[in-house]
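Engineer: Shown below is the structure under consideration.
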Amino acid sequence: MKMIARIKAIPNGQKYRYTLIMASCTLFFSPFLFLPGLVDNPDLCGKVCIRRFYLFFPGITPADVASKMQVASIGVYILSMILITTFFFGRMWCGYICPVGGFPELISRTFSDRWKIEYRALPQVPIRYGYFSVYIALMPMLGISACTLCNFITIPRIFDALSGNPKGLAFALSAVGLVNLALLFLLGFFATKGRAYCQLLCPIGAIDGLVNRLGAKLRFTRRIRVERNRCTGCNICARSCMTGSIQMVGRVAVVDQLSCMSCHECVDVCDWGAIDWRSAPLDKDPKRKKKGIDFYPQPQWQAVYTAALRKGKR
Ligand code: SF4
Ligand code: SF4
Ligand code: SF4
């Protein structure tokens, strides 16, 4: 009964998002494997892999890069599409589609928060980019496989095992499989809101976060933005945020665009209409104002906490 009450309490917008993530699990994973099947691939590895072709190792040549891109040809295409979409619209892939980040979130949300570990308050940006540097350069140099801590293998293998494919069970019983499963439980199923792997370790999330932050500087791109005059600093959005991306600065919500996934949960819970996924209006106050006509301040809809805001200027 408690679980039903928890599901009922989910805002409608989030229910649609979860439906998309469930559909995505069906499209990407066993037993149907619709999308990998289109390119004759049995999982998210090999030519579909979006995590390996940009690894750096000493003495790497342009020919090596070209060969790695050829091996993961579909992965290169998918990652390019993800990043282009992120630049203009925010992290749609991570928030709405990626079954690897979405599946642990769905499972985690069915448990009581009492059983979960709270990672959202950690300094996620230094941890994420620190690990990303290790992943991209140090691990290949030391000969450690990029697949060692990879949810893009683990979750498809769980679905393989559930579909009766022996490959899934063999993975779960291997040393790499056990490490990855432990990681999935600790950073996924038993993490508050289920997104700690995305927050801390996913290399796609690290690249996507950079592109999100870059695009957030422009006024025409769609981002989660805050209208500072409307925000009461009630902190409700920050408590709901699955990635711990919102902080109160001077009693106004500030969104960290390196971590935000545009999931809209903050928008759904803000009764003040102070946070929204939108572009910033291009209107400006007129130079001269007609007598007797009231002009109200233009809404600002800031995506990034800039130096000007820090100094108290709008
Ligand atoms: S951060 Fe990684 S695992 Fe998480 S949703 Fe994005 S791509 Fe998927
Ligand atoms: S954006 Fe809305 S929910 Fe968040 S602190 Fe401001 S008023 Fe509260
Ligand atoms: S800031 Fe809002 S849209 Fe971004 S991850 Fe947090 S809840 Fe989702």
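Engineer: Kindly provide the set of residues from the stretch 292-314 that are surrounded by fewer than 17 Cβ atoms within 10 Å (Cβ to Cβ) and not in a loop (DSSP other than H, G, I, E, B), ordered by number.
Structural biologist: Once the filter is applied, which keeps residues that are surrounded by fewer than 17 Cβ atoms within 10 Å (Cβ to Cβ) and not in a loop (DSSP other than H, G, I, E, B), the stretch 292-314 yields A307, A308, R310.
Engineer: Still on this structure: Given the stretch 56-120, what helices (runs of 4 or more DSSP H) lie entirely inside it while holding 1 or more residues that are within 12 Å of the chain's Cα centre (by Cα) and more than 13 Å from I204 (Cβ to Cβ)?
Structural biologist: It comes to 99-110.
Engineer: Here's another thing I want to ask about it. Answer yes if at least one residue in the stretch 273-291 is surrounded by 13 or more Cβ atoms within 10 Å (Cβ to Cβ), within 11 Å of ligand 3 (Cβ to nearest atom), assigned to a loop (DSSP other than H, G, I, E, B) and in contact (Cβ under 8 Å) with a residue 60 or more places away in the chain, and no otherwise. Even if it seems obvious, please write down each step before you answer.
Structural biologist: The initial filter retains those residues of the stretch 273-291 that are surrounded by 13 or more Cβ atoms within 10 Å (Cβ to Cβ), namely 274-280.
Adding the requirement that they be within 11 Å of ligand 3 (Cβ to nearest atom) leaves 275-277.
Next, from what is left, pick out any that are assigned to a loop (DSSP other than H, G, I, E, B): none.
No: zero hits.
Engineer: If a residue has to be more than 19 Å from the chain's Cα centre (by Cα) and either within 12 Å of ligand 3 (Cβ to nearest atom) or over 28 Å from I78 (Cβ atoms) (or both) to count, how many in the stretch 208-225 make the cut?
Structural biologist: 1
Engineer: If C25 meets every condition in (1) more than 27 Å from L186 (Cβ to Cβ); (2) not in a loop (DSSP other than H, G, I, E, B) apart from one, which number is that one?
Structural biologist: Just one mismatch for C25, condition (1).
Engineer: Given the structure, is D160 open to solvent by 40 Å² or more (accessible area, probe 1.4 Å) and touching a residue at least 12 places away in the same chain (Cβ under 8 Å)?
Structural biologist: Against the criterion (open to solvent by 40 Å² or more (accessible area, probe 1.4 Å) and touching a residue at least 12 places away in the same chain (Cβ under 8 Å)), D160 does not qualify.
Engineer: Within the set of pairs 6+ apart or on separate chains, which have a first residue in the stretch 35-56 that is not assigned by TED's automatic domain parsing to the domain that holds V134, a second that is at pLDDT 95 or above and of a type outside the set (D, E, K, R), and C-beta atoms under 6 Å apart?
Structural biologist: none
Engineer: Only one residue in R251, R219 is open to solvent by 10 Å² or more (accessible area, probe 1.4 Å), under 18 Å from R278 (Cα atoms), of a type in the set (D, E, K, R) and modelled with pLDDT under 95. Which one?
Structural biologist: Answer to the selection: R219.
Engineer: Of all residues in the stretch 213-262, count the ones that are farther than 26 Å from F132 by Cβ and of a type in the set (G, A, S).
Structural biologist: Qualifying residue count for the region: 4.
Engineer: Also: Looking for something part of a helix (DSSP H, G or I), open to solvent by less than 60 Å² (accessible area, probe 1.4 Å) and farther than 23 Å from R195 by Cα - is there at least one such residue anywhere in the stretch 30-41?
Structural biologist: Within the stretch 30-41, one or more residues are part of a helix (DSSP H, G or I), open to solvent by less than 60 Å² (accessible area, probe 1.4 Å) and farther than 23 Å from R195 by Cα.
The values are calculated or read from the model by the stated rules, or taken from the named source; none is laboratory data. This one's a predicted model, so the numbers in the text were calculated from it and none came from an experiment. Glycine also receives a Cβ, built like all others from the backbone with ideal geometry; neighbour counts cover every protein chain displayed. The protein model used for the area step is the full one, side chains on, heavy atoms only, and it has no ligands, DNA or RNA in it. Shrake-Rupley method; radii C 1.70, N 1.55, O 1.52, S 1.80 Å.
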